Amino acid sequence: MQCRDCIVCCMTTRLNITLPDAVAEKLRAASENKPSEYIERAVIRQMLADDLRKLAEWEREHPEDPGWGRTNDETAEAILFGSAG
């Protein structure tokens with residue numbers, strides 16, 4: 001079950017991480033002493049950025065056929081309005 005306030009499942013996993021002291025100190029300050037919430041947001045942002053980068057790469061490798069969109073528009077018009085063009 002997912003709560004209404006989070007974007008991921010409410011189950012949690014405890015992780016032990018090792019950070020240099022200076023980074024840990026900056027994390028505590030930047031997170032207002034809520035490092036888990038800060039790290040969660042950072043990880044989600046990074047995963048989204050990674051996925052968007054992969055999508056952009058895929059789109060470069062698989063360019064859209066210009067006729068595809070036009071054909072789909074004509075089909076949609078035919079279905080919605082009974083005629084195309």
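Coordinate-derived values only; no laboratory data. All values derive from a computational prediction rather than experimental measurement. Every residue, glycine among them, receives a Cβ derived from its backbone with ideal geometry; neighbour counts consider all protein chains shown.
Is the shape of region 25-85 rounded, prolate or oblate, going by the alpha carbon gyration tensor and its root eigenvalues a ≥ b ≥ c, with a/c under 1.5 for rounded and a/b larger than b/c for prolate? Since a/c reaches 1.5 and a/b is larger than b/c, the shape of region 25-85 is classed as prolate. Over all other residues within a Cβ to Cβ distance under 14 Å of L52, the charged ones net out to 0, with Lys and Arg as +1 and Asp and Glu as -1.
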